[in-house]
1. Quick one: if you stick a label point 7 Å off each Cα along the C-beta vector at B:Gln85 and A:Arg2, how many nm between them?
2. For peptide B:140-146, compute the average count of partner chain beta-carbon atoms within 10 Å of each residue's beta-carbon.
3. Can you compute the label reach from B:Arg97? Point 7 Å from Cα along the Cβ direction, backbone N cut-off under 15 Å, restricted to segment A:90-130.
4. At R0 = 45 Å, how high is the FRET efficiency between B:Asp70 and B:Arg154 if r is their beta carbon distance? Nearest 0.05 is fine.
5. Looking at segment B:31-148, what % of its DSSP beta bridges pair antiparallel, to the nearest 5?
6. Quick check: pseudo-label points 7 Å beyond the Cα along Cα→Cβ at B:Asp111 and A:Arg148, how many nm apart are they?
7. Can you order the peptides A:38-46, B:123-131 by their average number of other Cβ atoms within 10 Å per residue, highest first?
8. Would you work out if segment A:27-157 is rounded, prolate or oblate? Take a ≥ b ≥ c from the square roots of the eigenvalues of the alpha-carbon gyration tensor; rounded if a/c is under 1.5, else prolate when a/b is larger than b/c, oblate otherwise.
Amino acid sequence: MRHALCALLFFILLAPGVIRAEKEITLGTVEEVILLPWGVKLLARIDTGATTTSLDARELKIEGKVVEFRLPDRYEGRPFRLPIIEWKEVLSAEGRGRRPVVDMDLCIGSRQIRARVNLNDRSEVKYPLIIGRNVLKHHFIVDVRRARVTEPECPIPPVDKKPVLSEPLPAPQ
Amino acid sequence: MVVMKPRWIFLLFFVTFYWGASDVLHAGEKIVVGEVEDVLLLPWGIKLPARIDTGAALSSLDARDLKAEDGFAKFKLGKQYGGMQLRLPIVDWLYIRSSEASEQRPIVEIDLCIGPKRIRTRVNLNDRSKVRYPLLIGRNTLKENFVVDCMQERCSPPACPEVSSK
């Protein structure tokens, strides 16, 4: 009886912290994010002003429903080839445009999120990845007093389950 | 009637305190705002819908017919927000350089009521007639102990002491 009560009390004491940790992850203004299953780690701007997430894609080539691009040189210019899910119409300072949108798995903190990512050349801006509200809606809180709060830690998923056309990184030895 | 042993009473007290305190302390530290909030421009109490934007370094206010003269910025608010004419001292300039053009915008200080908090903050002035929100709350303002929760919208209506909205 006493042990049961102790166990119950112990649970009650721990519960609030555990539930909160599950519920939301706090991010700073800049965070490291891993693109899965490739294992590429990028610095991302956490941007509540952006509706969607976008990635700096160089040498964009469209072939029917497939898009080919490279990451910036800092990320070894890694080539990608992915199916286009949809197109996003954008109105920016440069005028109207259309950007291809792909699906990617992002690892932020301990969480893996499948998200729509639009592709465009962002060579003039500082961060290659912008995490917008479509991702931040997955229980993330942003605290602008902080930066690089999380360390991306997700299991790299098995390759054959991913409907992607480019070669993923070999699993780390 | 069960008589509780003193140590159980102590433990229960501790548990109650723990449950209560974790939420209260949390709320006291940080003010949670959603992706969009209604914000009051003080001392006039003009309610402006604001985009909460962690991607912007500096907050920004929609200023129409903007003129800078003798160290003051003269401008009007948008018509749907009363169109009031304002004249505020310029405290700094923001230089924006892109491949297409370079631009400079006056920076002024304004008082805002966001949620329960009244703050004096810097904003840059520019014509935002093409965008949806007349006010953009950037990182310089959000650093005053706000955290942003994009699951929510308008979760922190303006409620500053001794301030009424128009």
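Every number here is computed from the coordinates shown, using simple stated rules; none is lab data. Please read these numbers as outputs of a predicted model, since none were measured by experiment. So basically every Cβ, Gly included, is an ideal-geometry build from the backbone, and we count neighbours across all protein chains shown.
1. 8.3 nm
2. The per-residue average across the peptide is 3.
3. What the label zone holds, given the 15 Å backbone N cut-off, is A:124-126.
4. It comes out at approximately 0.70.
5. 75 percent
6. 4.0 nm
7. Top of the packing list down: A:38-46, B:123-131.
8. Since a/c reaches 1.5 and a/b is larger than b/c, the shape of segment A:27-157 is classed as prolate.
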